[in-house]
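Quick notes on the structure that follows.
The values are calculated or read from the model by the stated rules, or taken from the named source; none is laboratory data. Bear in mind that the values here come from a model prediction, so they are computed numbers and not experimental data. All Cβ positions, glycine included, derive from the backbone under ideal geometry; neighbour counts span all protein chains shown. The protein model used for the area step is the full one, side chains on, heavy atoms only, and it has no ligands, DNA or RNA in it. Shrake-Rupley method; radii C 1.70, N 1.55, O 1.52, S 1.80 Å.
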Amino acid sequence: MAEIHPITLPKWGIEMSEGTVATWHLAVGASAEKGTELVDIETEKIVNTLDLEVGGTLRRQLAQPGDVLPVGALIAVLADASVPDSAIDAFVAGYKPIDVSFEPKEEGSVASQSSPRHPGESRDDEGGRGEAAKSSVPVSPPLDPAILAARNEAAHASPLARRLANKLGIDLSSLTGTGQKGRISQEDVEKAAAARGTVAPVPPAPEPVPTGPEPHASPIAEKIARKLGMTLHGIKGTGARGRVSLADVQAAAKARGLISEPAQVATPSPAAGPAARKLAGDLGVDLSTVTPTGPKGHATKQDVRDAADRATVPTAEVPAYDLLPVTGMRRAIATALVNAKQNIPHFYLTSDVTVDALLSFREQLNARASSPRKLSVNDLLIKAAALALMEVPDVNVHWADDGIRRFRSADISVAVAVDGGLLTPVVRGADRLDPWAIGARAADLADRARKRTLAKEDISGGSFTISNLGMFGIRQFQAIINPPQGAILAVGTTRREARETAEGGVAFASVMSLTLSCDHRAVDGALGAKFLAALGRRLEDPIGLVL
């Protein structure tokens, strides 16, 4: 191996632009062979483990768990144990990240080379496009950073564009993206910033570190200054022969924002002897803030010193809320669902299904089965939906730019709640599997989803999605379509309802509400209703699920 080997954040998948460092498996100073697990990297939907490509000693960890870094960022350094630390530090300082082109190159190039000309736009307009764009960029009033971040999160933009916009205070909803399908790119944000004269914030130059001996100060002034992390440089003493007193330190600390003004509360001052009063005056301590511990409620000199110490302790402000970092998964969910809700013309169909026969059938199957794992209602729902999709194949579709793709197999995505988000692993070929095989496969996928060990192929390519919140007592809900799928089924809880019997009497029945969300571009109302009817028949007469 080379003497010094950089380890960078890998790029897993063409759309991956950043990753979150999750867990380090190797400590600094440890030596390991090629193939050893080094670190877990969390992407939008899965967690992958990065293995060592060469053996050596881990000399530096440059990222902490929770750090979100772009692909290509240097996260660790591997080197022979004989390499001096100075050489490692010099290597890290001079390292230049690999250009991985997080922004699709075609975004900028397409916009500049082959963007369609708008009506009335001349070639001269093209030549002066930079100025024209500069003058046409809308300028919005400054927004609260939290509001701006929330708005920008919902915009169709790349992660880098969103981060840069938040940094520069640019509202992405006011921009028109020039990337694929109108996606806002980093270049779009930079143009907007240039148009309004905004530049990336430059960190302030560090203040020069004062040198030389500190001015003469009282012991308690020095003590409090050290406690506050201050030096006495620059503090003008008001004591005898320019001596810095506690009051001088307190004034300087207030001026630097290290402590706040004490609250003005009308509190009676305790009795105190002459010595304690004099000390209070020297230290600038209000006797009303002193807690007396002396005889007959008198304040002692030590009480005064304690009050002076308390007055210099900064009061930590308790925020009104906890700011939770947005994980890659949560960001991906937010982007996908906002796009789906905004761009897909949803409509909803709800049907009530009587499931007494299904529940009884399930009990009989589980009673006769030798397998320790019992069938769930969801297993039977997946099977019934798969068969209904085969009966009404025009619902088993994807909406795509080149047309409607109708699938010959029911590859059903099953929504699984995991820590920090939601995953939809796919039970492939559910129409050809029996309910026990579906149950085993669904359980395995759900277990791996919660452990974040699913592979990309486990969560892609589904033709239809089922989301079941019945176990939470939800009666009915409307799910957002999982694009590019044409429909998603939302399953509510089973409830008991009084129904009129054929004989004219009343009897209670177990009822489940099923809501189908349809993409009207691909699935019409009559088609969705036909699917729900087919699904209802299979659930109300469940013997067909195992034949």
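Suppose all protein chains stay in the model; what accessible area per residue would a 1.4 Å probe give for segment 480-525, in Å²?
With the other protein chains kept in place, segment 480-525 gives 41 Å² per residue.
Please report the base-10 log of the normalised intensity I(q)/I(0) for segment 153-192, using a Debye sum with one equal scatterer per alpha carbon and no solvent, at each q in 0.16 (1/Å).
-0.27
Can you tell me the length gained on complete extension of the stretch residue 408 to residue 298, counting 0.36 nm per residue apart and subtracting the Cα distance? Please report the intermediate quantities before stating the final value.
Values: separation 110, 0.36 × 110 = 39.60 nm, distance 9.11 nm.
Here the answer is 30.5 nm.
Could you grab the Rg to Rh ratio for segment 333-381? Cα atoms only, Kirkwood for Rh.
Taking Rg over the Kirkwood Rh, I get 1.27.
Over segment 446-547, what number does the Rg to Rh ratio reach, with both radii from the alpha-carbon atoms and Rh per Kirkwood?
Expressed as Rg/Rh, it is 1.05.
Where in segment 458-547 are there trypsin sites (Lys or Arg not before Pro) that are in a DSSP coil and have at most 13 other Cβ atoms within 10 angstrom of their Cβ?
475, 521
Wrap a convex hull around the Cα atoms of segment 380-496, take a quarter of its surface area, and give that in square nanometres.
7.9 nm²
Leaving out ligands and nucleic acids, and using a 1.4 Å probe, what accessible area per residue does segment 356-413 come to in Å²?
Working: 2860 Å² over 58 residues.
Solvent-accessible surface per residue comes out at 49 Å².
Per the Kirkwood definition applied to all pairs of different Cα atoms, how many angstroms is the hydrodynamic radius of segment 305-399?
For segment 305-399, the Kirkwood estimate is 20.2 Å.
Between residue 354 and residue 400, what FRET efficiency comes out of the Förster formula 1/(1 + (r/R0)^6) with R0 = 45 Å and r the beta carbon distance, rounded to 0.05?
Numbers: r = 37 Å, r/R0 = 0.82.
For R0 = 45 Å, the calculated efficiency reads 0.75.
Which entries in the list 11/96; 341/456; 11/34 go over 22 Å, if you measure between the two C-alpha atoms of each?
341/456
Based on the Cβ-Cβ distance of residue 495 and residue 87, what FRET efficiency does E = 1/(1 + (r/R0)^6) give at R0 = 51 Å, to the nearest 0.05?
About 0.15, to the nearest 0.05.
Take the Cβ-Cβ distance between residue 216 and residue 288 as r, set R0 to 25 Å, and report the resulting FRET efficiency rounded to the nearest 0.05.
Computed FRET efficiency for residue 216 and residue 288 comes out at 0.25.
Calculate what fraction, in whole %, of the accessible area of segment 420-472 sits on carbon and sulfur atoms when a 1.4 Å probe is rolled over the protein chains.
The C+S portion of the solvent-accessible surface of segment 420-472 is 56 percent.
Using 0.36 nm times the number of residues separating residue 28 and residue 320, minus their current alpha carbon distance, what extension gain do you get?
Answer, rounded to one decimal: 101.3 nm.
If you filter segment 278-381 for trypsin sites (Lys or Arg not before Pro), then keep DSSP loop positions with at most 14 other Cβ within 10 Å, what is left?
Loop-located and lightly packed - 373, 374.
Considering only DSSP beta bridges where both residues belong to segment 427-512, give the percentage that are antiparallel (nearest 5).
DSSP beta bridges in segment 427-512 are roughly 65 percent antiparallel.
Between residue 251 and residue 510, what is 0.36 nm times their sequence separation minus the Cα-Cα distance? Round to one decimal in nm. Could the numbers behind the result be given before it?
Working: separation 259, 0.36 × 259 = 93.24 nm, distance 7.41 nm.
That works out to 85.8 nm of additional length.
Within straight cross-link reach of residue 191, meaning Cα distance under 21 Å, which lysines are found once same-chain residues fewer than 8 apart are removed?
Straight-line reach from residue 191, under 21 Å: 105, 134, 167, 181.
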